[in-house]
Amino acid sequence: MALPSSPADNPPAGPGGLRRPVTDFVGAGWAFPLRTDAQGRIALARGRHEIEQAIHLILATYPGERPMRPHFGCRLRDFVFGDTGGRTRAELSTAVRDALLAWEPRIEVHAVEVNGDPDRPSLLYIDVQYTVKTTNDRRNLVFPFYVIPEEGDY
């Protein structure tokens, strides 16, 4: 039997001696960007923030950037010089879904929708709809993605 490692693992009893349910199933990781907290320690991201930061890291990292994990990341940069039409949106959606399925096992991806901004033709919004597996918490994250338009498209 494992011993509790922190007060969060063994919350104090509430009124009537009932214990609060433990809700931090996701864990904690270094906050991104790397920084220190008020006590000078490395800042940590916990719960949903940790998963959101992990998704951002996956999407913002191009495969090959990390020498010890050469396949880690998402091939979003392959689409920087693409158009914002339906084919590019579908390919972006597939690339994001594949990367998240490969690198973020704590979530179940339900949908990845790529939508344009009518006021900014070079901006696409990647909307990732997912559920955190351990808590069954359904969430979404919107990741902005910019393409470089061809001459005269802006």
Please compute the per residue accessible area over segment 46-117 with all protein chains in place, 1.4 Å probe, rounded to a whole number of Å². 55 Å²
What figure in square angstrom, to the nearest 10, would you give for the accessible area of Asp83 with a 1.4 Å probe? 90 Å²
At 1.4 Å probe size, what's the solvent-accessible area of Tyr62? Round to the nearest 10 Å². 50 Å²
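Can you sort Trp30, Trp103 by solvent-accessible area, 1.4 Å probe, largest first? List each step's numbers first, then the result.
On the way: Trp30 165, Trp103 75 Å².
Largest to smallest exposure gives the sequence Trp30, Trp103.
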Could you give the length gained by full extension between Leu123 and Asn140, i.e. 0.36 nm per residue of separation minus their alpha carbon distance, to one decimal place? 4.3 nm
Rounded to the nearest 10 Å², what accessible area does Ile42 have for a 1.4 Å probe in the complete protein model? 70 Å²
Describe numerically, in nm with one decimal, the distance between label points set 7 Å from Cα along Cα→Cβ at His56 and at Asp98. 2.6 nm
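The values are calculated or read from the model by the stated rules, or taken from the named source; none is laboratory data. Computed from a prediction, not measured in an experiment: that's the story for all the values here. Glycine gets a Cβ as well: all are built from the backbone with ideal geometry, and neighbour counts include every protein chain shown. Side chains included, ligands, DNA and RNA excluded: accessible areas come from the protein's heavy atoms. Shrake-Rupley method; radii C 1.70, N 1.55, O 1.52, S 1.80 Å.
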